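The values are calculated or read from the model by the stated rules, or taken from the named source; none is laboratory data. Keep in mind that this is a model prediction, so the values were computed, not measured. Glycine gets a Cβ as well: all are built from the backbone with ideal geometry, and neighbour counts include every protein chain shown. For accessibility, only protein heavy atoms count, side chains too; no ligands or nucleic acids. Shrake-Rupley method; radii C 1.70, N 1.55, O 1.52, S 1.80 Å.
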Amino acid sequence: PEEMGLGFRILLLLIGAGLFVRSLQRLRQQDLGFNPEHVLEVGIDPRIAGYKPGQLNGLYQALLDRVNALPGVRLSSLSLYSPMTSNWSGGISVEGYLARSGREAWSQWVRVGPRYCETAGMTVRLGRDIGPQDTEGAPKVAVINESFARRYFPDQNPIGKRFSMDVPAKAYEIEVVGVVKDFKFNRPQQEFWPVFFVPLAQSGGDDASRYAADLEVRAVGDPASIAGLVRQAVHQVDKGLPVSRIRTLREQVDDTLTQ
């Protein structure tokens, strides 16, 4: 009886392990809303290197110019944080939106560099990506995801609609210029939440949010094969700019699944 009890417990463990593995495989194979293949994530910290907010745009342009010129690089961009690492969120004011009970306007948001959605492998449904034209002095813009559009602009074309990161709004100063397919930015098992991207180059809100923590590089082939070249390029722009980590976006996603 004791041996039979042990065998039964082992059988239960094997069944549980099999179910767990299948669940993990399903999570890994699901559509995340972005393409993690062929992308290198490079951690940087301009604040530690002594950059002031007014110096960041020059640094970002120099980094992108140098990295984009590397052999094996398709394109690159920057972001406040990268997929599966962190998130910023807060209240927003949306022109024409009437808050329902318990549903005040809020959203997650990320500051990003030019062509970020393309670099991350996201699908633009309407309008355009954040671009090089979205500079400090240009009109303030945002790219929203489908969940943001459904919640705040139901049954409407969201392109040209306006909102603000101020609550209450001083002015609805941010114009929607693009809509991307819903994506999972925090963890693979999360539901889709409202998210918007605003340009790193444009001021607004806390100056701390203008310090990019990640350089994203989409490679032609294996992203790990260009890691050394990318690190070298960063230090050619500024040898004092620390590179805290280099790993592929696929590794980053898989680490989240492991946790």
- Starting from the Cα-Cα distance between residue 126 and residue 99, subtract it from 0.36 nm times their residue separation and give me the gain in nm to one decimal. 7.2 nm
- Quick one: which residues, 5 or more positions from residue 200 or on another chain, have an amide H under 5 Å from its amide H? H modelled 1.01 Å from N in the peptide plane, none for Pro or chain starts. 112, 113
- Once the dipole of region 63-202 is set up from charges on Cβ (+1 Lys and Arg, -1 Asp and Glu), the residue from the list 144, 77, 186 lying farthest towards its positive end is 186
- Item | Centroid-to-centroid separation of region 60-122 and region 174-248 [C-alpha atoms, Å] | 7 Å
- Task: Hand me the trypsin sites (Lys or Arg not before Pro) from region 150-259 located in a DSSP loop with no more than 11 other Cβ atoms within 10 Å, in residue order please.
- Result: 170, 239
- So, in nm, how far is label residue 65 from label residue 157 when the simple model puts each one 7 Å beyond its Cα toward the Cβ? 3.7 nm
- Spin-label model distance (nm) - residue 55 vs residue 167, 7 Å beyond Cα toward Cβ: 3.4 nm
- Task: Quick one: pull the percent of accessible area on region 186-254 belonging to carbon and sulfur, 1.4 Å probe, ligands and nucleic acids left out.
- Result: 49 percent
- Query: Gain in length, residue 135 to residue 236, computed as 0.36 nm per residue apart minus the alpha-carbon separation, to one decimal in nm?
  - Reply: 33.9 nm
- Contour minus Cα-Cα distance for residue 243 and residue 208 (0.36 nm per residue): 10.7 nm
